[in-house]
Amino acid sequence: MLKDIDGRCLCGDIHWEASVDPELVGVCHCTDCQTVGGSAFQFTARVSRDHFTVLSGALSVYEKVAESGNPRAMSFCGRCATMIHTGNTDATDLLSLRLGGCRQRYEFMPRFQIWCQSALSWATFDSGTKVPDQAIPAK
């Protein structure tokens, strides 16, 4: 069952809404997420592009090749640099929505962890199934 959520960037220029499946909320330990987030991991939700809408503001995009070898588009606020989501640049439907700016973030627990081979030794969780590296949980 999908849950409606919404969020903003740090400066408030970007306001978004999405419908997410709580079972597709997880933690990514890849080095890109560590670097761009300035932390040990990113708390994300896999969301269909059709279930994500920017309500105000315009996203800036930076493209790079990820550890997986896939070209990735990283979408963020051009004013405050808050990361909003990432996604492959091909026709892949799923985005990785960053939940740091989500108003309902306290209602979610990680259901999976990916890129665990890049995890910092102290970044461990009791919740969230560790899935094979580079794998995306299917629903």
Length gained, residue 120-residue 3, 0.36 nm per residue minus C-alpha separation, equals 39.1 nm
Which percent of the Cα-Cα distances in region 30-130 go past 23 Å?
25 percent
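Rule-based calculations on the coordinates, nothing more; no lab input. Since the structure is predicted, the reported quantities are computational estimates derived from the model, not experimental observations.
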